[in-house]
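J.: Next up is a structure, given as structure tokens.
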Amino acid sequence: MNTSPTRNRPDFFFRKAGCCTRCDGPFRESTAYVVAEKIAWKVIEVNGEPLALTQREMVPVCSDCVDVRERVLADDMKGGKRSCPNCSLIMFPAARNRLGAVWNGRFCSKRCEQRHRRGSKSAARPYRHCGCCGTSFRGRVDARYCSSACRQARYRMRLEGHVPAPVASSGGQK
């Protein structure tokens, strides 16, 4: 990885979820500064030389890795501190986007955003009743069984002639 001549840091970084982008260490004080960095999303080989495909992204950095300029910028910004609703990491915006606006994100990373979204989706699903064992479960809208084991057991019962063909189950509330 090449280093920049003006500062003693690499030209780009790789994003690692749940860790500081610059040092790959965990957030010790559960506090992060959100800065703009050049992030490599793919490395390809061109004429025998590795070439990183990068883009600027807003990423969390621990308080040990933040330089003085970024720390002063974070103190001057009107955005104030925020807390990630998924992992409760306290974030200080320390960079502006290309248009000059202060970073206005809710989550510290894409991973936290996706986990939060997936969690709210599963919580919104109604309870269903398994067509084999009768237990209540949350599943897809068209799910008939709570597990693949129940689905297989029901199939074997049907082959032996013990049960009629399955009917679509209705999503009842628990």
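J.: Can you flag which of K38/K110; K42/K81; K16/K42; K16/K38 are past 22 Å Cα-Cα?
T.: K42/K81
J.: Determine, for each peptide in 86-94, 50-58, the mean count of other beta carbons within 10 angstrom over its residues, then list the peptides with the highest first.
T.: So the peptides 86-94, 50-58, ranked by packing, come out 86-94, 50-58.
J.: For an R0 of 22 angstrom, estimate the FRET efficiency from the Cβ-Cβ distance between Y155 and C133 and round to the nearest 0.05.
T.: Values: r = 14 Å, r/R0 = 0.63.
That pair, Y155 with C133, gives E of 0.95.
Since every read-out is calculated from the coordinates, none of them should be taken as a lab result. These numbers were taken from a predicted model, which means no experiment stands behind them. For neighbour counting, all protein chains shown are included, and Cβ atoms are generated from backbone atoms with ideal geometry for every residue, glycine included.
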